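**Q** Here it is: the structure, laid out below.
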Protein chains: 2
Amino acid sequence: MARKTSKLKIIPLGGLQEIGKNMTVIEYKDEIIIIDCGLSFPEDEMLGIDIVIPDITYLIKNREKIKGLVLTHGHEDHIGAIPYVLKKLDIPIYGPNLAIGLLEIKLKEHRLSNNSLNVVNPGSKIKLGNFEVEFVRVTHSIPDACALAITTGVGTIFHTGDFKVDYTPIDGQVMDLHRIAEIGSKGVLLMMGESTNVERPGYTLSESNVGHTLDEIFSEATSRILIATFASNVHRLQQIINAAYKNGRKVTTSGRSMVNVVNVARNLGYLNIPENTFIELKDINKYQDHELVIMTTGSQGEPLSALTRMASQEHRQIEIKKGDLVIFSAHPIPGNEKLVSRVINQLFERGANVIYESISDIHVSGHACQEELKLMHRLVKPKFFIPVHGEYRHLKQHMELAKKLGMPEENVFMLSNGCVFEIDKDQGKIVSKIPSGNILVDGLGVGDVGNIVLRDRKHLSEDGLMVVVVSMSKDTGKVISGPDIISRGFVYVRESEDLMDGAREVIKKSLETCENKNMREWSYLKNTIKDELRNYLYEKTKRNPMILPIIMEA
Amino acid sequence: MARKTSKLKIIPLGGLQEIGKNMTVIEYKDEIIIIDCGLSFPEDEMLGIDIVIPDITYLIKNREKIKGLVLTHGHEDHIGAIPYVLKKLDIPIYGPNLAIGLLEIKLKEHRLSNNSLNVVNPGSKIKLGNFEVEFVRVTHSIPDACALAITTGVGTIFHTGDFKVDYTPIDGQVMDLHRIAEIGSKGVLLMMGESTNVERPGYTLSESNVGHTLDEIFSEATSRILIATFASNVHRLQQIINAAYKNGRKVTTSGRSMVNVVNVARNLGYLNIPENTFIELKDINKYQDHELVIMTTGSQGEPLSALTRMASQEHRQIEIKKGDLVIFSAHPIPGNEKLVSRVINQLFERGANVIYESISDIHVSGHACQEELKLMHRLVKPKFFIPVHGEYRHLKQHMELAKKLGMPEENVFMLSNGCVFEIDKDQGKIVSKIPSGNILVDGLGVGDVGNIVLRDRKHLSEDGLMVVVVSMSKDTGKVISGPDIISRGFVYVRESEDLMDGAREVIKKSLETCENKNMREWSYLKNTIKDELRNYLYEKTKRNPMILPIIMEA
């Protein structure tokens, strides 16, 4: 009887009401499977943070239930948090060939090994406990991307993964529309659908469109060509290689992730490089400029990336020179516009010709626009729908889209990370919340930077700090030396001597007041100094540096 | 004879190879006039900075030559630095009516007054020394925008100002194409042309297009309408007011600059508000939701703006409620995308319906696209050309555009701020450089935050700081108390006690080593502590906080 009342739980740990760190828990009875385990990049206010990963407290508490982690594809926002999670949990991992290949590099970099990594080919099924997971081929900006059809005790869950509908994919591996239609016919209880491009009407262009543009550009170019794109976009790399080969150019790579991905993709057969076409970066001087294409990282203007270093003359092997043709084959991710623009400006200043999206058609998105999303909804025709992978605005628009397709309002759900969503054959609802959120990774520290530390960093970044040191006699309570003042990030001290003299006077006066009042507790002294000094500095400068009073006993 | 060899100098102090703080010096013999005097907003790495203004060292040195400052229009990037400049230089100012009106508010806020402010109507001329300056009406996203035709001893300089070619402007004040053609016929030596939209092919749509969209949206809306746009876009405000009136709604304003601009524009006759249509914000509760339109600041997601505060429930008078219709009638300026997106998400979360550029046509640019720029080039047909108002990429593309129109390469010039460009009837060239660059304004400080302070703020923002205090005996040189450690923005201390204990050990060991070596100079001690502690912390955390060792003598 208990069996009848069992409900399926869907618990997103990341990717809801945000872009990135996609991770979802599917739980039925005593079994859990996890879909994806990605990272996200820090928001502007997360000062000093390297990456952000999901909170897996819930999984650690329920570790004995976990049957496995399944991966839809090999992008960072789907696999990037795995090394951190594996340090806490030993989970078997199942994913398409390329995703597993990219994950292996990542684990090696983290000195993790001998994990249970299992390749699952698109089109095949695995059993994880009582769950059956079918990997269904979709098209996306990385080969081997899959949607997942998960058979559970209450019905089939269909997770679209990230996808676009590309009828002419570069690798000839078309999206398995037939199988999706078949799954839809048999009945899908719940679809979780990605929402990245839901605001864009129409269709995303096929990746093959970029190939034509590249071919045109390459055939007219007479100089060296440098081309920046996402390393993981193996289709794009293949088209660059094709265009290079056709136009009699050699290809090489620059930037760690570009080198890594090209190696993995080549070894696994995802990248087809004609003989004598690939050369090592160190050998470029053996060739004429018009014989070279350099595929590089840095399409987002990342400060430490290869192209950015070339543009600012900090790259060991490559210097941008007059006449170089540099192509940005990518769209700036929101927030990166100014970084990209800065690199473009620098490249122009060095005399390069730069081709970028504003002036040419050299990039297409990897995500489905509205008409493709509608196709997916129509084929899968789920009873319930949860939009995933998007900020609130995207999820909201995706809900509207589903409703326009005829889905009843009560069957469409807005979830947030940490929601425990329970569903049976008849209805679904949010029943509780579990811990979720952003775990910040800063250097070796995972989770040791929280709100207090970030608040201090923000304060320090805006107005700097002033340290005040006073040494006081243990016996008499009188000042022995000081007050000494040290400031950093506040004002240029040499030009602010009056201000500093004034500050010292304010501190002295505060100390005297305390002495006269016979108030000698250090905490009282410190607070008085802080308050008086803050008022003085704000009045004089309209700035509010962090003030750190230190009293030494001697 | 000396007269013959006199050359005209063009010296940009801002706006070249950057967006913002437009300011140009025109000098002939002993006379200087200045075109515009704008501010720019800080780049991401200018932590804690409020605004950026041009370096006017050159003008201060040559103050007796200055005949006047002429303004093309009233946008911040053309008038925003004037209060700061007036504190150092007393200059008569000439500009169109609205620009002067907006400037007056600004001067009042800075408690500056009794300056020589002079209104010049588009179509008229003024004499400044031997310069004759003609203000020629153009169309732009603010009324009363002008190009300038400046007659000088060597020929006519034509400065386009900011413009678009709007054949159906809202105020009916069409661009004076006839006069521009006439000036072109008479011969223009040099054109300085704005470059903001040079990367966009085709034409910018007329402002009147937005009116149709707004009217449609307003006529279908049944709830309260909030609409965010640039306060200075008086044409947009007029169209909002028209749509409100037509649909039986009252209009009010929120946000300081919105209130200010509406007041000024209304008083000067640039904004035509039908009787009984405008209400005070405090009176909105007297009306039904469907009778209200609130024009607000915050179209760029600025953290302290009215709309942002409404979205985060921090606004005193207005709270966003379910059903509110919020319209972003603006395009996010590069760098503001994420701020805007955050506000959109918050508004959706509060239950508002949000209309923004990705999903509707509710904004047009104020700047000329390629075909409009070509029209300007053809009409003015200058001998020489300097692209202005743009990053390097824009200036470069504008040079290419000029060359495609048949201008010889040697007549087109790439300048940067501080270049002294000399020109006579036959040729132009850069002859020298004068001081120029970014003067940073932080609170009351103008120019007291420089690279060292910014570098420290960046360092502090990324990894925080650790202060180490040791008190040592004057006589024996031995440690009396300490080492004490205070950290901020580094790690969450309560969870890092081992790390802190380890740090104290490292410092003690450093001090012992110094003592054993008999090295007692404080600078040596401090450097040793810094080095050892830095290594220790980096090894343990891969972070690099700022370390401030302080030694107190007792």
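Every number in this text was worked out from the coordinates using simple rules, so none of it is lab data. Just so we're clear, the structure is a prediction, and the values are computed from it rather than from any experiment. With ideal geometry, Cβ positions are generated from the backbone for all residues, glycine too; neighbour counts draw on all protein chains shown.
**Q** Filter the cross-link list A:K396/B:K338; A:K61/A:K106; A:K474/A:K526; A:K478/B:K530; B:K127/B:K403; A:K286/B:K396 down to pairs whose alpha-carbon distance in this structure exceeds 23 Å.
**A** Details: A:K396/B:K338 18 Å; A:K61/A:K106 26 Å; A:K474/A:K526 16 Å; A:K478/B:K530 30 Å; B:K127/B:K403 33 Å; A:K286/B:K396 32 Å.
Distance filter (> 23 Å) returns A:K61/A:K106; A:K478/B:K530; B:K127/B:K403; A:K286/B:K396.
**Q** A further question follows. Looking at chain B, what % of its DSSP beta bridges pair antiparallel, to the nearest 5? All intermediate terms of the calculation are to be shown ahead of the outcome.
**A** Numbers: 49 of 94 bridges.
Expressed as a percentage, antiparallel bridges in chain B total about 50.
**Q** What is the angle, in °, between the Cα long axis of helix B:497-516 and the longest principal axis of the Cα atoms in chain B? Nearest 10 is fine, range 0 to 90.
**A** The angle comes out at about 70 degrees.
**Q** Moving to a separate point now. Report the equivalent ellipsoid semi-axes for region B:208-359 in whole Å, largest first, defined as the square roots of five times the eigenvalues of the gyration tensor built from alpha carbon atoms. Please list the in-between numbers first.
**A** Details: eigenvalues 90, 58, 49 Å².
Computed over region B:208-359, the values are 21, 17, 16 Å.
**Q** Put the label 7 Å from Cα along Cα→Cβ for A:K87; what are its distances to the other copies, in nanometres, shortest first?
**A** 4.9
**Q** Starting from the amide H of B:T156, placed 1.01 Å from N in the peptide plane, find each other amide H under 5 Å away whose residue is 5 or more places distant or on another chain.
**A** B:L189, B:L190
**Q** Let me ask another. Relative to the other copies, what are the label-point distances for A:K246, with labels 7 Å from Cα along the C-beta vector, expressed in nm at one decimal and sorted shortest first?
**A** Once sorted, the set of distances for A:K246 reads 5.0 nm.
**Q** Using only C-alpha atoms and all pairs of different ones, pull out the Kirkwood radius for region A:451-553 in Å with one decimal. List each step's numbers first, then the result.
**A** Numbers: mean 1/r = 0.0708 Å⁻¹.
It is 14.1 Å.
**Q** Do the alpha carbons of any pairs in A:K21/A:K404; A:K9/A:K65; B:K404/B:K433 sit beyond 21 Å of each other, and which pairs? Working shown, then result.
**A** Working: A:K21/A:K404 29 Å; A:K9/A:K65 13 Å; B:K404/B:K433 30 Å.
A:K21/A:K404; B:K404/B:K433, as the Cα separations exceed 21 Å there.
**Q** Which is farthest toward the positive dipole end of the protein assembly as shown among B:H398, A:I434, B:N527, measuring Cα position about the Cα centre, with Cβ charges +1 (Lys, Arg) and -1 (Asp, Glu)?
**A** With unit charges placed on the Cβ atoms, the residue in question is B:N527.
**Q** For Cα pairs less than 8 Å apart in space and 6+ apart in sequence, what is the mean separation divided by the residue count of region A:451-553, i.e. the relative contact order in percent?
**A** Numbers: 133 pairs, mean separation 38.9, N = 103.
In percent, rounded to a whole number, it is 38.
**Q** Can you give the net charge of the other residues whose Cβ lies under 13 Å from the Cβ of B:Y536, counting K and R as +1 and D and E as -1?
**A** On the way: positive: B:R504, B:K508, B:K509, B:K530, B:R534, B:K540, B:K542, B:R543; negative: B:D498, B:D501, B:E505, B:D531, B:E532, B:E539.
Summing Lys and Arg as +1 and Asp and Glu as -1 gives +2.
**Q** Of A:F278, A:G255, A:G298, which is farthest along the charge dipole of region A:208-359 in the positive direction, counting Lys and Arg as +1 and Asp and Glu as -1 at C-beta?
**A** Value computed over the given set: A:G255.
**Q** Which value, in Å³ per residue, describes the convex hull spanned by the Cα atoms of region A:369-435?
**A** Details: hull volume 5.9 nm³, N = 67.
It comes to 89 Å³ per residue, whole-number rounded.
**Q** Separate question: Kindly work out what percent of the DSSP beta bridges joining two residues of region B:24-100 are antiparallel, to the nearest 5.
**A** On the way: 6 of 12 bridges.
About 50 percent, rounded to the nearest 5.
**Q** For region B:1-72, state the semi-axes of the equivalent ellipsoid (square roots of 5 times the eigenvalues of the alpha-carbon gyration tensor), sorted largest first and rounded to whole angstrom.
**A** Working: eigenvalues 168, 26, 22 Å².
Ellipsoid half-lengths, sorted descending, are 29, 11, 10 Å.
**Q** Now, a different point. For peptide B:385-394, how many partner chain Cβ atoms fall within 10 Å of a residue's Cβ, on average? It would help to have the intermediate numbers written out before the result.
**A** Values: counts 0, 0, 0, 0, 0, 1, 6, 8, 12, 4.
Mean inter-chain Cβ contacts per residue within 10 Å come to 3.
**Q** Averaged across the residues of A:337-348, what count of C-beta atoms belonging to other chains lies within 10 Å of each residue's C-beta? Don't jump to the answer; show the numbers that get you there.
**A** Details: counts 7, 8, 2, 1, 7, 5, 0, 4, 9, 2, 2, 9.
Mean shielding count: 5.
**Q** In degrees from 0 to 90, rounded to the nearest 10, what is the angle of the helix A:522-541 Cα long axis to the longest principal axis of chain A?
**A** Approximately 80 degrees, to the nearest 10.
**Q** Using Cβ counts within 10 Å as a stand-in for footprinting exposure, how do A:D289, A:D361 rank, fewest first? Could the numbers behind the result be given before it?
**A** Details: A:D289 16, A:D361 13.
Least to most surrounded, the residues fall as A:D361, A:D289.
**Q** Given Cα positions, please report Rg to Rh for region B:205-285, the hydrodynamic radius being the Kirkwood one. Present the calculation step by step, with values, prior to reporting the outcome.
**A** Working: Rg = 12.2 Å, Rh = 13.1 Å.
Computed over Cα atoms, the ratio is 0.93.
**Q** A further question on this structure: To the nearest 20 debye, what charge dipole does region A:208-359 have about its Cα centre, counting +1 at the Cβ of each Lys and Arg and -1 at the Cβ of each Asp and Glu? Before the final figure, lay out the partial values.
**A** Working: 16 positive and 15 negative charges, 64 e Å.
Around 300 debye, computed over region A:208-359.
**Q** Right, next: Cα axis of helix B:208-220 to longest principal axis of chain B: angle in degrees, 0 to 90, nearest 10?
**A** Between helix and principal axis, roughly 80 degrees.
**Q** Can you tell me the mean projection area, over all orientations, of the convex hull of the protein assembly as shown's alpha carbons? Units nm², please. List each step's numbers first, then the result.
**A** Working: hull surface 205.2 nm².
Projected over every direction and averaged, the Cα hull of the protein assembly as shown covers 51.3 nm².
**Q** So for region A:324-455, considering every pair of alpha-carbon atoms, how many percent are separated by more than 20 Å?
**A** Working: 5772 of 8646 pairs.
I get 67 percent for the Cα pairs in region A:324-455 exceeding 20 Å.
**Q** Counting DSSP beta bridges with both partners in region B:81-182, what percentage is antiparallel, nearest 5?
**A** On the way: 15 of 18 bridges.
Percentage antiparallel, nearest 5: 85.
**Q** Calculate one ³J(HN,Hα) per residue across region A:40-49 by plugging θ = phi - 60° into the Karplus curve 6.51 cos²θ - 1.76 cosθ + 1.60, and present them in order as whole Hz with x for glycine and proline.
**A** 10, 9, x, 5, 4, 7, 8, 4, x, 7
**Q** A further question follows. How long is chain A along each principal axis, judged by its Cα atoms, biggest number first, in Å?
**A** 87, 77, 47
**Q** Over 5 Å intervals from 0, what percent of Cα-Cα pairs in region B:52-177 sits in each interval?
**A** Going out from 0 Å in 5 Å bins, region B:52-177 shows 2, 10, 20, 22, 21, 15, 7, 3, 1, 0 percent.
**Q** Let me ask something else about it. Hey, if you put +1 on the Cβ of every Lys and Arg and -1 on every Asp and Glu Cβ in chain A, which of A:I485, A:T213, A:H367 ends up farthest toward the positive end of that dipole?
**A** It is A:H367.
**Q** While we're here: What do you get for chymotrypsin sites (Phe, Trp or Tyr not before Pro) in region A:95-185 restricted to DSSP loop and a cutoff of at most 14 other Cβ within 10 Å of the site's Cβ? Mind dumping the intermediate values first?
**A** Details: sites: A:F131, A:F135, A:F158, A:F163, A:Y167; in loops: A:F163, A:Y167.
Of the chymotrypsin sites (Phe, Trp or Tyr not before Pro), the ones in loops of region A:95-185 whose Cβ has at most 14 other Cβ atoms within 10 Å are A:Y167.
**Q** Still on this structure: Which value, in debye to the nearest 20, gives the size of the charge dipole of the protein assembly as shown about its Cα centre, when Lys and Arg are +1 and Asp and Glu are -1 at the Cβ? Write down the numbers at each step before the final one.
**A** Values: 134 positive and 142 negative charges, 90 e Å.
Dipole size: approximately 440 debye.
**Q** Counting Lys and Arg as +1 and Asp and Glu as -1, each charge on the Cβ, what is the dipole of chain B about the Cα centre in debye, to the nearest 20?
**A** Working: 67 positive and 71 negative charges, 228 e Å.
Approximately 1100 debye in magnitude.
**Q** Next question. Please compute, for peptide A:40-50, the average count of beta-carbon atoms on other protein chains lying within 10 Å of each residue's beta-carbon. Please report the intermediate quantities before stating the final value.
**A** On the way: counts 0, 0, 0, 2, 5, 0, 0, 8, 12, 1, 2.
Across A:40-50, the average partner-chain Cβ count within 10 Å equals 3.
**Q** Rounded to a whole number, what is D in µm²/s for region B:72-137 from Stokes-Einstein with the Kirkwood radius over alpha-carbon pairs (10 °C, 1.306 mPa s)? If you can, show how the numbers build up before the last one.
**A** Values: Rh = 12.4 Å.
Roughly 128 µm²/s, to the nearest whole number.
**Q** Further question on the same structure: Between A:S358 and the same site in the other copies, what are the distances in nm, shortest first, taking label points 7 Å from Cα along the C-beta direction?
**A** 2.1
**Q** Something else about it: Please give the peptides B:177-183, A:481-487 ranked by average Cβ packing (other Cβ atoms within 10 Å per residue), highest first, as a rough proxy for protection.
**A** Details: B:177-183: 16.4, A:481-487: 18.4.
Final packing ranking: A:481-487, B:177-183.
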